[in-house]
Structures are given as structure tokens and as C-alpha cells.
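To start, the structure itself, in C-alpha cells.
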Amino acid sequence: MNKYLKEHTAKRIKERLTTDPKQSYLRDWIYGGMDGAVTTFAVVSGAVGGHLSLLVVIILGFANLIADGFSMAAGNFLGTKSEVDQYNHYKKIEEDHVANYPHGEKQEIRQILANNGISKENIEKMTSIITENKSYWIKMMLQEEYGLPKIIRSPIKAALSTFIAFLLCGLAPLLPYIIQLPNRYSISTLLTAAVFFAIGTIKSRWSLQTWWQSGLSTLAIGIIVALLAFFTAYGLRVVINLN
């Protein structure tokens, strides 16, 4: 039995479709990981470009890890929470409409079905079937009328995913300074590049790009940010010294 047949047995279909799909927090991990590596390495690059001391690099780096990481997590929490609030707001509206004006809501279902190419002879049958189940009826209205997702994400899980990824990936540029290795900036650069590339390769599992294309494109973004930070700090140091 090939893999397609295995996934389409009655048992496997029932297992997949009788439970709600798991929510993915991949976006939050990538968002936090990229920003953690980018901003911390930008701090390191800026400090090196400005010829700041080892202690200053470590202090600024950890300040960025905690403050910026928490700020991003809090922002993601509030953003995701607003999506939950929006979903519940429109759900309440649709519950009220279905309870007090079912005729108009049924007409909206008919229009939705027509927009999806359902033939006229089948629209009435399908409308009758859909509106028999009030819970499904409301979910369909939320998705089709407002474009809301079937399952809403947890604000806490989204925030934690962002914060943990930010800390883990953002720590990489600081490691050579924490353990005081020789050629610290070169090693920091290599570690950060490895993090960028790793994030890109992980991201490729859910994209049309190959693993190396996704890895290189993500790495390129990181390099641009690092160069901007380094030369900005270096330029400011030159200007200040001239004055």
C-alpha cells in the first residue's frame, strides 16, 4: 500500500478530520528567531564598529535580548489577542443575526454558495443542510463573510514562541564575547550566519524554495542588516572624532 492509500483509509480520514487541526506557531518562531539574531548581531556589530569595550558589548547585548525579546513577545501577544477578540466579536454578531433574522442569514448562505460555483438546483438543498446545524452555520459565516480562520491561535503560545526563539537565536552572536574567545567578532559573525541559514532551511519545509535557496535568502537579509549597523556605528565614530 503506497503512502497515498495509507493516508486515505477510512480510519486515517476519520482520525484527521474528527479533531480540530493543530495550530502552527512556526511564524512566531521564525519571527522571534530572525529578529533575535538580527538585532543582537546588530548591537554587536555597532559596538565593534564604534570600538566599544567587551563589557559594553555584553551589557548592550543582554539588554537587547531581554528588553527587545520581551517587547516583541508582548506585541505578538497583544496582536494575537486582538485577533481572538475580533473573532469573538463577529461570532457574537452572527449568533445574534441567526437568532433574530434567520431569513437574511440564509440568503447570505445562498449567495456564498453561488459565489463558490454551486448550481442553482443544489443551492437550496445545501442551504437547508447547512442551516440545520447552527454551530456550523455560524462558523461558515465567519469564514466566508469576514475571512476569519477556522481555528484561532493562543496569544500565550504565540508570545512564548516568539520570546524563546528570540532568546535562543539572539544568544548566538554574544557567545564568543561571553566566553571571551579570540577573534570574537569573526566567530560571532559565523555563528549568526549559521543561525540565519538554519532558520531559512527550516522555513523551506513550508515553502516552494529549496532548502539552500531559502537558507541563502534569509542569510542575505541578515548580512544587509549587520552591514548597516556596523557602518552606521563606524561612520558615527569617525564623525565624532573629527569634531
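The values are calculated or read from the model by the stated rules, or taken from the named source; none is laboratory data. Please read all numbers here as calculations on a predicted model, not as lab measurements. Note that each Cβ is placed from the backbone with ideal geometry, even for glycine, and that neighbours are counted across all protein chains shown.
Evaluated against (1) over 32 Å from the mean Cα position of the chain (by Cα); (2) under 25 Å from Arg153 (Cα atoms), Ile66 falls short on exactly one condition, (1).
Only one entry of Phe197, Phe230 meets the criterion of being without any contact (Cβ under 8 Å) to a residue 24 or more places away in the chain and out of contact with any Asp or Glu (no Cβ under 6 Å at 6 or more places or on another chain), and that entry is Phe197. The residue list Lys120, Lys22 contains one member that is within 30 Å of Lys157 (Cα to Cα), modelled with pLDDT under 95 and surrounded by fewer than 16 Cβ atoms within 10 Å (Cβ to Cβ), which is Lys22.
With respect to the conditions (1) surrounded by 17 or more Cβ atoms within 10 Å (Cβ to Cβ); (2) without any contact (Cβ under 8 Å) to a residue 24 or more places away in the chain, Lys92 lacks only one, and its number is (1).
Gly36: crowded, with 21+ Cβ neighbours inside 10 Å, at pLDDT 90 or above and not aromatic (Phe, Trp, Tyr), yes or no? Yes: the conditions hold for Gly36.
Scanning region 216-233 for residues that are small (Gly, Ala, Ser), farther than 9 Å from Ser45 by Cα and either over 21 Å from the mean Cα position of the chain (by Cα) or surrounded by 15 or more Cβ atoms within 10 Å (Cβ to Cβ) (or both) yields Ser217, Gly222.
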